[in-house]
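Inspection log for the structure reproduced underneath, given as structure tokens.
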Amino acid sequence: MIKSCFNNIFLSDQGHSLTVGIGTPPQPRKLIVDTGSDLIWTQCKLSSSTAAAARHGSPPVYDPGESSTFAFLPCSDRLCQEGQFSFKNCTSKNRCVYEDVYGSAAAVGVLASESFTFGARRAVSLRLGFGCGALSAGSLIGATGILGLSPESLSLITQLKIQRFSYCLTPFADKKTSPLLFGAMADLSRHKTTGPIQTTAIVSNPVETVYYYVPLVGISLGHKRLAVPAASLAMRPDGGGGTIVDSGSTVAYLVEAAFEAVKEAVMDVVRLPVANRTVEDYELCFVLPRRTAAAAMEAVQVPPLVLHFDGGAAMVLPRDNYFQEPRAGLMCLAVGKTTDGSGVSIIGNVQQQNMHVLFDVQHHKFSFAPTQCDQI
């Protein structure tokens, strides 16, 4: 169990990653921090074939042969039984097989246990179950695996009985490290904020248990409440719908009714020509005026986008938390439309810049406060 721990996370092309020490002695490896993943896994040097696959355009992978504390988990282990794995995925050597997907990357391997070392200020070493394998498709671009922070049984949070954790993402453009806090250090009142601390519930989904759901009930642009039917944001009896907070998603995604309302309102207030072409992950872009300054978007004034939650909490997003400049001369809405049929809306990490967010897993509460994240 982690009582208190401070870590630094780094922005990369695939998301925010944390350097952890794996094994004895510790081998430093970068894992992508994801609140929407239920497993800790990393690429491993299990054989010459996996080593060759890992070497292909990837950073060095963890080598269990160099560790004195590595051990495979048998199929009878509790983690194999309680997770998404079962005896039907058991190898002839009694090893528990996992498969996982993150974005365009897919991985396959076996469950094992190992010593993991955390902490930027004071090291903490703990034994964890994790996935050890290789990528079967895609790439993690600079990282070797995933650090799952979901409420599920195989995640870091559940294995170490972490009752609360928080993070505060520095603005992407600043390229600074961001704090990830566990235990007693995850307390918004201990750190200086630039706005009020607000709290809403973490909502239980009896069907889909991997994600942290929050009760989004409405959206405003400035002082104007948008015509978004509350039912379109609600969780359905079949487990679909609802809104999740996801550190692994870059932009936000809204169900169609909410997205169209936001899009229409944004087009009314942004006095710039709409771009004929957009870029990946962005559905609406505007053409910025030509300027000598590198960041022409800084001169564009727009009202804040406000996310309203049940109980009265409101997350106020300034321009840089819902607009991005992914390409010179384009200012793009960092909100997309949910198209996978799930009906799930997502609050991504663009929206969480300079926002200290706290997941109180024990009491099922989600808190947030505007914060100068590089000052924590």
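The values are calculated or read from the model by the stated rules, or taken from the named source; none is laboratory data. Just so it is clear, the structure is predicted and the values come from calculations on it, not from any experiment. Virtual Cβ from ideal backbone geometry, glycine too; neighbours counted across all protein chains shown.
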(request) Only residues that are over 22 Å from the mean Cα position of the chain (by Cα) and surrounded by fewer than 22 Cβ atoms within 10 Å (Cβ to Cβ): list them for the stretch 113-135, please. (result) S113, S115, R121, R122, A123, V124, S125, L126, R127
(message) Just the residues that are among the hydroxyl-bearing types (S, T, Y) and either surrounded by 13 or more Cβ atoms within 10 Å (Cβ to Cβ) or more than 18 Å from G36 (Cβ to Cβ) (or both), please, taken from the stretch 200-209.
(response) T200, T209
(request) For residues that are of a type in the set (A, V, I, L, M, F, W, C) and closer than 25 Å to G36 by Cβ, scanning just the stretch 210-229, find the one that is farthest from the chain's Cα centre (by Cα). (result) V228
(request) With the condition kept exactly as written, say whether any residue in the stretch 251-259 is among the aromatic types (F, W, Y), out of contact with any helix residue (DSSP H, G or I) (no Cβ under 7 Å at 6 or more places or on another chain) and within 21 Å of Y102 (Cα to Cα). (result) yes
(request) Check off (1) under 21 Å from N354 (Cα atoms); (2) of a type outside the set (S, T, Y); (3) assigned to a strand (DSSP E or B); (4) in contact with a Lys or Arg (Cβ under 7 Å, 6 or more places away or on another chain) for A186 and give me the number that stays unchecked. (result) (3)
(request) Need at least 1 residues that are modelled with pLDDT under 85, hydrophobic (A, V, I, L, M, F, W, C) and surrounded by 14 or more Cβ atoms within 10 Å (Cβ to Cβ) per element, so show me which strands (runs of 3 or more DSSP E) inside the stretch 1-90 make the cut, counting only ones lying wholly within it. (result) 4-12
(message) Quick test for you: out of G131, G183, pick the one residue that is at positive phi and not hydroxyl-bearing (S, T, Y).
(response) G183
(message) What are the pairs with Cβ atoms under 7 angstrom where one residue, in the stretch 321-334, is assigned by TED's automatic domain parsing to the domain that holds R271 and under 18 Å from P303 (Cβ atoms) and the other, located anywhere, is of a type in the set (S, T, Y) and surrounded by fewer than 19 Cβ atoms within 10 Å (Cβ to Cβ)? Sequence gap at least six, or different chains.
(response) C332/T278
(message) Every residue in the stretch 205-221 that is in contact with a Gly (Cβ under 6 Å, 6 or more places away or on another chain) and of a type in the set (S, T, Y), please.
(response) Y211, Y213
(message) farther than 28 Å from V214 by Cα and touching a residue at least 40 places away in the same chain (Cβ under 8 Å): is that true of V274 in this structure?
(response) no
(request) Report yes if some residue within the stretch 189-199 is crowded, with 17+ Cβ neighbours inside 10 Å, in contact with a Pro (Cβ under 9 Å, 6 or more places away or on another chain), assigned to a strand (DSSP E or B) and not hydrophobic (A, V, I, L, M, F, W, C); otherwise report no. (result) no
